[in-house]
Amino acid sequence: MSRFNKRKVFANRNDLYHDIAEERDVSHFRQWETANFRYPSAQEMREIRTVNHLWTVGDKYYKLAHKHYGDSSLWWVIAWFNKRPTESHVTVGTVIAIPMPIQKVLKYLRNE
């Protein structure tokens with residue numbers, strides 16, 4: 001499941017971007033609508049197991065996703081699950097939970 005599934009693309013014509021659009025000789029910018037993922041319910045959380053990872057220097061979500069899921073593009077699942085959207089929201093020594101199995105986590109994201 002891509003984090004872009006079911007998200008609309010819209011033309012951003014906000015005045016804040018007027019000067020940049022003019023510089024680039026475009027009338028608007030196309031942007032993805034912000035995704036709204038729900039967090040697993042208490043029952044679903046009982047069905048998800050986690051692998052703990054102690055954050056160290058050089059860690060990246062995409063590396064953890066590749067190691068645990070075999071797919072680095074699923075980095076956002078780890079970020080979402082830990083409610084830390086980017087690596088800059090994680091400090092060395094923080095324990096990050098890797099939700100498993102990925103198929104079940106993605107199913108809950110799709111609300112199936």
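The values are calculated or read from the model by the stated rules, or taken from the named source; none is laboratory data. Note that the structure is predicted; figures quoted are calculated from it, not measured. Cβ sites come from the backbone with ideal geometry, for glycine too, and all protein chains shown count toward neighbours.
Structural remarks
- Meets criteria (loosely packed, with under 15 Cβ neighbours inside 10 Å, within 23 Å of K8 (Cα to Cα) and charged (D, E, K, R)) for R38: yes
- Per the listing R46, R30, the residue uniquely assigned by TED's automatic domain parsing to the domain that holds P101 and either in contact with a Pro (Cβ under 7 Å, 6 or more places away or on another chain) or surrounded by fewer than 15 Cβ atoms within 10 Å (Cβ to Cβ) (or both) is R46.
- The set of residues from the stretch 49-85 being surrounded by 13 or more Cβ atoms within 10 Å (Cβ to Cβ), under 14 Å from the mean Cα position of the chain (by Cα) and of a type in the set (S, T, N, Q) comprises S72, N82.
- The one condition in (1) under 19 Å from Y39 (Cα atoms); (2) of a type in the set (S, T, Y); (3) loosely packed, with under 12 Cβ neighbours inside 10 Å that T91 fails to fulfil: (1)
- Residue in the stretch 45-57 that is touching a residue at least 60 places away in the same chain (Cβ under 8 Å) and β-branched (V, I, T) present: yes
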